[in-house]
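Read the figures in this text as sums done on the coordinates, not as results from a lab. Everything numeric in this text was worked out from a predicted model, so none of it was measured. Positions of Cβ are generated from backbone atoms using ideal geometry, with glycine treated the same way; all protein chains shown enter the neighbour counts.
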Amino acid sequence: MTFDLPTQGRSDAAAEGETPIVSSAMATDIVPTPTAVFGRPARVLVVDDDENVTNMLRRALSFEGYAVATARDGNDALKKTLEFAPDLVVLDIMLPAIDGVEVCRRLRAGDPQLAILMLTAKDAAADQVVGLDAGADDYLVKPFTLDVLTARVRAQLRRKEPSEVELVRFADLVLDTGTHSARRGTREIALTTTEYDLLLQFMRHPRQVLEKEQLTEKVWGYDFGGNYNVLEVYVRYLRQKLEAAGEPRLIHTLRGAGYVLREPTA
């Protein structure tokens, strides 16, 4: 199935021959698979000020089985989040009124577990980090194919599926798989979904060197092709939270190898 932008009403960039924001390429043999969170269709909010983009993404994601709502600016995005209660937000960084970075900060402050996929027209590392620092779980650089976007959405939503509850322990650190929260000694630590998934990988494999490629595959569901900005940002987040009260470091960097969770050195 192919999704094409209509000739009439295309964006100015497309009309002038510039690179399109979204590529309409999509595999012809894709069959939609059930996508559910807690027994209901997963809800996705698409936020972009380009109507062509929101229309295309709404059709593509609806075809995949999601319940989809759209918003065209930052204020509308915050309002729709309250009304629609999405499981995932696809959020463009360049928005009128309130920009995508500020919207992301507010969404993350309101719900640490909300999945946020940031769209950006810039692929520089600094621009990617801005979105991640605001609380995005992942980012996608325009132009992108619908195949890639839907794969990223599926990967994010898979992480919201319930799992068996247990307490995972290492040194003075305890991770609760039911509440997705952690405790260092007696200090409670709130985690976002991505922080939780990353910490769980470390605690499932203590004292083992975990390569960056291995971690991105396990946490995000795909390889970043050698660009590990997202992983490095989230390792930094975890360290800040785990060491916020002056505790010794548990997650260590092995240059050229990856990361390892190990006991503090005396």
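Brief remarks on what is shown
- Mean Cα-pair separation over length for the stretch 111-194, i.e. relative contact order, pairs under 8 Å, 6 or more apart, %: 25 percent
- Debye, to nearest 20: dipole size of the stretch 117-251, +1 on Lys, Arg Cβ, -1 on Asp, Glu Cβ: 180 debye
- Note, ³J(HN,Hα) from phi for the stretch 64-77, Karplus 6.51, -1.76, 1.60, rounded to Hz, x at Gly and Pro: 6, x, 8, 8, 10, 10, 10, 9, 10, 8, x, 4, 5, 4
- Simple spin-label estimate for A109 and D172 in nanometres, 7 Å along Cα-Cβ: 3.1 nm
- Gain on full stretching of the segment that runs from D127 to E51 - 0.36 nm per residue minus C-alpha separation: 25.0 nm
- Judged by the gyration tensor of its Cα atoms, with axes a ≥ b ≥ c, the stretch 151-266 is oblate; a/c meets the 1.5 cut and b/c is at least as large as a/b.
- Applying the criteria of a DSSP loop state and at most 10 other Cβ atoms within 10 Å to the GluC sites (Glu not before Pro) of the stretch 160-209 yields E164, E166.
- Computed Rg/Rh of the stretch 116-195, alpha carbon atoms with Kirkwood Rh: 1.09
- Tensor-based shape of the stretch 101-162 (alpha-carbon gyration tensor, a/c under 1.5 rounded, otherwise prolate or oblate): oblate
- Pairwise Cα separations in the stretch 57-139 fall into 5 Å bins from 0 onward with the following percentages, short to long: 3, 15, 27, 26, 18, 9, 2.
- Karplus-derived HN-Hα couplings along the stretch 129-145 (A = 6.51, B = -1.76, C = 1.60, θ = phi - 60°), whole Hz, x at Gly and Pro: 5, 4, x, 5, 5, 6, x, 5, 7, 7, 9, 9, 8, 6, x, 9, 8
- Label positions at E83 and E164, each projected 7 Å from the Cα along the C-beta direction, are separated by 4.3 nm.
- Each principal axis of the Cα cloud of the stretch 163-225 was taken in turn, and the coordinate range along them, longest first, works out to 39, 23, 20 Å.
- Using a simple spin-label model with pseudo-atoms 7 Å out from Cα toward Cβ, E213 and A244 lie 3.5 nm apart.
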